[in-house]
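Reviewing the structure listed below.
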Number of protein chains: 2
Amino acid sequence: MNAAGRFARYLSTNRLKMTRTRRAILEEILAIRGHFTADDLLAHFRRRGRDVAPATLYRTLARLVEAGLVHRIDMAKGQARYEPMFGRHHHDHMICVSCGKIIEFENRTIERIQADVCRRKRFTLVEHTHQLRGHCAQCSQNGTPAARPRGAS
Amino acid sequence: MNAAGRFARYLSTNRLKMTRTRRAILEEILAIRGHFTADDLLAHFRRRGRDVAPATLYRTLARLVEAGLVHRIDMAKGQARYEPMFGRHHHDHMICVSCGKIIEFENRTIERIQADVCRRKRFTLVEHTHQLRGHCAQCSQNGTPAARPRGAS
DNA sequence: GCCACAATTGAGAATGATTATCAATTTTGC
DNA sequence: GCAAAATTGATAATCATTCTCAATTGTGGC
């Protein structure tokens, strides 16, 4: 089933409604196909004349996350990123602290060990976050200034 | 060298000052020996009559993190947790979403694979976050209500 | 040990992403 | 097509954390 269909099913299962606004938001996300912030989406809509209230967008993103169609990447600070998860499986992220680029990675061994760790501690895993922060290939190459000691100019 | 000594060295290296307030905060943290929030510390101080301004506490915590004496655990929402890192090495966390308990875990294989992944993508790792969220042994046992579908009572 | 000067403190305001409120509007099962 | 329930948008609220700035406190050099 396609994304719109899955969202529709999720909504009806939960006695929620498929509205024009929700459809528009899902379409916009499918068109982006990448990582984005709530503000990115709001800007897209504004550019196209269609105006969506921030509250509505946040509410819809929450529903999409619940439906498993979108994944939310909580950043240490600043806005959260979102990414469509339609037709994709789980992966984790490397985040460039210089340019903000997000690189995805996926490792079955890590996932397996993680599950083992939980089993050993009798911990029932619900979700996890695995973020590597550092400098991407381009930024390290271009001599991105490293964290400067205090007092240095 | 002990924690106070290391902090003093960090401060002087960076042209910062060892003040009475900073000493008090470090002592309080060493006394706690566990995970805590900024508010936990503020409450401790208030209880003892010594009042520390939130701004000051946050500033000092930031210095302690920079000095490598304290680690900050960014939560998806709500206050950040901190933990003393004096005389300990790196570990990651399992966080119980029912009771808030934080369980530490440590796995060399995961760390090694992580480093490999970075090498392959030419990514210069600065720091990482690896959090497993779910239900701890006690909470799963006590029949903690699972995430309830919408509309259910 | 004192002094000048830079760093620190505290009080309070500001920030900023996200969430809550609520009246007006839209969907939908029947 | 209707009534009931959900949604929307405008706006206010939240809340952890950071900023501002005047008053205070450490410290290196003498």
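The values are calculated or read from the model by the stated rules, or taken from the named source; none is laboratory data. Everything numeric here is computed off the predicted structure, so don't read it as measured data. Note: ideal-geometry Cβ built from the backbone for every residue, glycine included; neighbour counts use all protein chains shown. Please note that ligands, DNA and RNA were not included when accessible areas were found on the heavy atoms of the full protein model with its side chains. Shrake-Rupley method; radii C 1.70, N 1.55, O 1.52, S 1.80 Å.
The number of Lys pairs in the protein assembly as shown with C-alpha atoms less than 18 Å apart, excluding pairs fewer than 8 positions apart on the same chain, is 5.
For the protein assembly as shown, just say rounded, prolate or oblate: build the C-alpha gyration tensor, square-root its eigenvalues into a ≥ b ≥ c, call rounded for a/c under 1.5, and beyond that prolate if a/b exceeds b/c, oblate if not. Each step should come with its number before you reach the end.
Values: a/c = 1.73, a/b = 1.52, b/c = 1.14.
Prolate is the answer for the protein assembly as shown, as a/c is 1.5 or above and a/b outweighs b/c.
Counting DSSP beta bridges in chain A, what percent are antiparallel, to the nearest 5? Percent antiparallel among DSSP bridges in chain A is about 70. When accessible surface is computed with a 1.4 Å probe, chains A and B are found to bury approximately 3500 Å² between them, both chains counted. Dipole check for segment A:90-146: with +1 at the C-beta of Lys and Arg, -1 at the C-beta of Asp and Glu, and the Cα centre as origin, the magnitude is about 300 Debye. Averaged over peptide A:104-112, the number of partner chain Cβ atoms lying within 10 Å of each residue's Cβ comes to 3.
Tell me the relative contact order for segment A:33-153 as a rounded percent, counting alpha carbon contacts under 8 Å between residues six or more apart. The partial results should precede the final answer.
Details: 112 pairs, mean separation 24.7, N = 121.
Relative contact order of segment A:33-153: 20 percent.
With contacts taken as Cα pairs under 8 Å at a separation of at least 6 residues, segment B:1-87 carries a relative contact order of 31 percent.
Rounded to the nearest 5, what % of the DSSP beta bridges within segment B:89-146 are antiparallel ones?
On the way: 4 of 8 bridges.
Just about 50 percent of them are antiparallel.
Calculate how many DSSP beta bridges within the protein assembly as shown are antiparallel, expressed in % of all such bridges and rounded to the nearest 5. Of all bridge pairs located within the protein assembly as shown, approximately 80 percent are antiparallel.
Does segment A:1-140 come out rounded, prolate or oblate, given a ≥ b ≥ c as the square roots of the eigenvalues of its C-alpha gyration tensor, rounded meaning a/c under 1.5 and, failing that, prolate meaning a/b above b/c? Since a/c reaches 1.5 but b/c is at least a/b, the shape of segment A:1-140 is classed as oblate.
For the protein assembly as shown, what is the accessible area per residue in Å² when the probe is 1.4 Å?
Values: 17690 Å² over 306 residues.
Solvent-accessible surface per residue comes out at 58 Å².
Taking B:Asn14, B:Asn142, B:Asn107 as the candidate residues, the one with maximal mean-square fluctuation in a Gaussian network model of chain B, Cα springs under 10 Å, is B:Asn142.
Working from Cα pairs under 8 Å separated by at least six residues, relative contact order for segment A:90-146 is 46 percent.
Taking each residue as 0.36 nm, the span from A:Glu106 to A:Ala62 lengthens on full extension beyond its C-alpha to C-alpha distance by 13.4 nm.
Among B:Glu127, B:Glu111, B:Glu27, the largest mean-square fluctuation in a Gaussian network model of chain B (Cα springs under 10 Å) belongs to B:Glu127. GNM remark for chain A: springs join alpha carbons under 10 Å apart, and the peak mean-square fluctuation among A:Val126, A:Val65, A:Val97 falls on A:Val126. Using the Karplus relation 6.51 cos²θ - 1.76 cosθ + 1.60 with θ = phi - 60°, the per-residue 3J(HN,Hα) values for segment B:14-21 come to 9, 6, 10, 10, 8, 9, 4, 4 Hz, with x marking Gly and Pro.
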